[in-house]
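A.B. asks: Below: one structure in structure tokens.
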Amino acid sequence: TVDGAPGDGFLRWMGGYFQLGKSVNPHWVAHFEKFPDHPVANGVQPFHIQDEWYFNMRFRDNMEGVTPILTAVPPLDVIPEKDHHHNSTADARAAVKRRDPQHMMWVSENPNGSRGFGFTGGHFHDNWQDDNFRKVVLNAITWISHENIPANGVPSATPTNEQLLENQDYPEDLSRIRADRYAEYKRK
């Protein structure tokens, strides 16, 4: 997101955003081990999952009204040493070297009574088969709607491979076999 009016809007609406020149978006396995005492974390158990996890995000000053939900420490080799506007910044490299916890999902309570949430995952479609990944997102959607979240979280059935392949907009050259192989690779 661009600084100035667009970034300020995201700070107001959801408490944080991907700031060019600061934030990065590498692919890595995040290990989510602890969760806050917050309804969006209801029923979520520790899990780890590969995604394009954006981090070193820009948040409101002093995290005002922002509660981190999914936090992990990126591995030391997650970003290259050379600067790249999306994959490696000096600030992000320093944060990784310090082993700073990074927030990949957060919720915000806003002065006007509205709620927001940010989530930097969701890039791999088959991640919806992970019950905890899916649950925390469903919980967040429910929470921003000002609805109550059950103690065990919002229930949902684990989608099958066939269900995940429905209604996809794959390029014409991407066959079902390639999609199945990719889904299998992602689960390893």
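A.B. asks: Counting pairs on different chains as well as pairs 8 or more places apart, how many Lys pairs in the chain have Cα atoms under 26 Å apart?
C.D. replies: 10
A.B. asks: Could you order the peptides 3-12, 134-143, 103-112 from most to least packed, using the average number of other C-beta atoms within 10 Å per residue?
C.D. replies: Put in order of decreasing packing, that is 134-143, 103-112, 3-12.
A.B. asks: Using a Gaussian network model of the chain with C-alpha springs under 10 Å, which one of Gly121, Gly16, Gly65 is most mobile by mean-square fluctuation?
C.D. replies: Gly65
A.B. asks: When the chain is treated as a GNM, springs tying every alpha-carbon pair under 10 Å, which of Thr89, Thr120, Thr160 comes out with the largest mean-square fluctuation?
C.D. replies: Among Thr89, Thr120, Thr160, the largest mean-square fluctuation in the Gaussian network model of the chain belongs to Thr160.
A.B. asks: Can you work out the base-10 log of I(q)/I(0) for region 1-157 at q = 0.12, 0.14, 0.20, 0.21 1/Å, using the Debye formula on its C-alpha atoms alone?
C.D. replies: Log10 I(q)/I(0), no solvent term: -0.50, -0.69, -1.33, -1.42.
Every read-out reported here was derived from the displayed coordinates using simple, explicitly stated rules and does not represent laboratory data. Just so you know, these numbers come straight off a predicted model, no measurement behind them. Neighbour counts are summed over all protein chains in view; Cβ atoms, including those assigned to glycine, are modelled from backbone coordinates with ideal geometry.
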